[in-house]
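Please treat every number below as a calculation from the coordinates, not as lab data. Predicted, not measured: the structure shown is a model, and the values here were computed from it. Every residue, glycine as well, gets a Cβ built from its backbone with ideal geometry; the counts of neighbours run over all protein chains shown.
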There are 2 protein chains.
Amino acid sequence: MPAASNQGPTHRQPVASKQQVVRGILRGLMEGLWRGGDRFTEASAVEKFGVSRTPVREALLQLQGLGLIELRRNCGAVVLPFGTDEVRELYAVRSILEVEATRLAASRIHRELVDQLMGEFTEIRARGEEDPDWRLDRTLHQSIAEASGNHRLLAEIFRYGDLVQAMREIVGERTSDIHTTSVDEHLAILEALREGDPEGASLAMKNHLDQASTSAIEAIQTLRS
Amino acid sequence: MPAASNQGPTHRQPVASKQQVVRGILRGLMEGLWRGGDRFTEASAVEKFGVSRTPVREALLQLQGLGLIELRRNCGAVVLPFGTDEVRELYAVRSILEVEATRLAASRIHRELVDQLMGEFTEIRARGEEDPDWRLDRTLHQSIAEASGNHRLLAEIFRYGDLVQAMREIVGERTSDIHTTSVDEHLAILEALREGDPEGASLAMKNHLDQASTSAIEAIQTLRS
DNA sequence: AACGCGTAGATTGTATACAATCTATCTTAT
DNA sequence: ATAAGATAGATTGTATACAATCTACGCGTT
């Protein structure tokens, strides 16, 4: 018997504690549980999530790195505002990064990759399917970020992509109606990339992210209503 | 300068441990102590810096957030490449953020602030002084980022500003010759901002950061030679 | 009564012990 | 001899105890 094989209330997965806290606090932020300027201590998070201080501290540091809270010496965590304005700003920064990545990618991305992605999107559209877990969407953004040729830019785009994905999943826990991924917007980006048109591709990406921003703001409002 | 005034082996400042590790590893990266792909364990860092695992872990998480190392479960920290290409990419991302912030700031920044900053830069230039600790430079970049009106964009610019400042200080520990801050480049930005010219200001910022990138690359090469 | 100071509580920073997991080597059966 | 599996070591994930620091309240002095 190599493993204890406990069934029933299995042992807490050690690796999940930190992400559980990150998710929980992010959910609280999105639901409007705290107002900007509110403070809470490590001890309160320990009690709320039932884990020890170590994963709580690491989770708070991660959230600070994501610009969602602020940690002050011996003063607890200060919750930063998180409303429609902040979501708009988040998508604005994401747009700055991805629009520039798209501009760079236009002259570097491989045509075969563009064709393959276009095929998958058109197939999805023909079947009337939905890409419910945003797998294709993420693949597209990731492929463009990689084609930018700047590893650090790719990393920053991933940072925001992971944050947006976490927000999507939290929204999905409550509202069954997930906004349909916009295949047409994606295809517009790919068509411009296929022609090697940096301005057209970056403009199409900007339009796509503006639409995504509006959808995200509506989702937050729905979550809080 | 307050001058730390460390006398004797006073009590270890509890708050300094984590930043000491961050600084030490960042210095190692800049000096080329490790090659990209090298791995080191928490235990080795504990031994190297003489602190416990807790601040080491938090330091590694911070460095991962800065995109300098990669943490893998039970596999230690993987050092990412850090050479001239990576410094160039770092400044490219910084440029993307700050150029857009400058464009946004052109129509929002207060004229009095621009005039005040121009006064301080011209005074520095008239006196032939140097702004050795980059205080004015940081004030300018911070003021522009604030004037962008996007708090998250400001935060991201701060993230890179702090990283660049830490790199400058590490370079300064070894090489007495610090590159002179380029007053003319700063004044070009401010003059365009004063006229409310978004394209001129953002172009001047891009030029300024391109020069800074070249200087940083030269500094790294000097540090390693 | 107002201000300064000191002490107690609270909170975070750090160190260490324990648990879970992974990697690599060694054994064993085919 | 090769490959599959088990076992031991190493490494990270988590929990807890201790140290340092900050905040706030109460006391004493002016």
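Within a straight-line Cα-Cα reach of under 22 Å, A:LYS206 can be paired with the following lysines, leaving aside sequence neighbours fewer than 8 residues apart in one chain: B:LYS206.
Compute the acute angle (0 to 90°) between the alpha-carbon long axis of helix A:183-194 and the principal axis of greatest extent of the alpha-carbon atoms of chain A; round to the nearest 10°. With both axes taken from Cα atoms, the answer is about 60 degrees. Take B:GLU199, move 7 Å from Cα toward the beta carbon, and the resulting point lies 1.0 nm from the same point in each other copy, nearest first. The GluC sites (Glu not before Pro) of the stretch B:114-159 that meet both conditions, a loop assignment by DSSP and at most 14 other Cβ atoms within 10 Å of the site Cβ, are B:GLU129, B:GLU130. Across the copies of the chain, A:ASP184 has label points (7 Å from Cα along Cα→Cβ) spaced 5.2 nm apart, shortest distance listed first.
By definition, a body whose alpha carbon gyration tensor gives a ≥ b ≥ c is rounded when a/c is under 1.5, and the stretch A:16-79 falls into this rounded group.
Taking the three principal axes of the alpha carbon atoms in chain A, the coordinate ranges are 56, 51, 36 Å, sorted in descending order. Compared with the dominant principal axis of the Cα atoms in chain A, helix A:135-147 is inclined by about 70°.
3J(HN,Hα) couplings calculated from phi for the stretch B:159-175 with the Karplus curve 6.51 cos²θ - 1.76 cosθ + 1.60 (θ = phi - 60°) are, in sequence order, 3, 6, x, 5, 5, 5, 5, 4, 5, 4, 5, 5, 4, x, 5, 9, 9 Hz; Gly and Pro show x. In a simple Cβ point-charge model (Lys, Arg +1; Asp, Glu -1; nothing else charged), the stretch B:16-79 has a dipole of about 80 debye relative to its Cα centre. Give me the angle, in degrees from 0 to 90, between the Cα long axis of helix A:198-224 and the longest principal axis of the Cα atoms of chain A, rounded to the nearest 10. Compared with the principal axis, the helix lies near 30 degrees. Within the same chain, lysines fewer than 8 places from B:LYS48 are excluded, and of the rest, those with a Cα less than 28 Å from its Cα are A:LYS18, B:LYS18. Between A:THR54 and A:SER225, the contour length at 0.36 nm per residue exceeds the Cα-Cα span by 58.1 nm.
Kirkwood-type hydrodynamic radius, the protein assembly as shown: 24.2 Å, calculated from all non-identical alpha-carbon pairs. Take A:GLY36, move 7 Å from Cα toward the beta carbon, and the resulting point lies 3.9 nm from the same point in each other copy, nearest first. One decimal place: the segment B:HIS110-B:GLU218 gains 35.3 nm when fully extended, by the rule 0.36 nm per residue minus the C-alpha distance.
Relative contact order, whole percent, for the stretch A:84-224 stands at 42, derived from Cα pairs under 8 Å and 6 or more residues apart.
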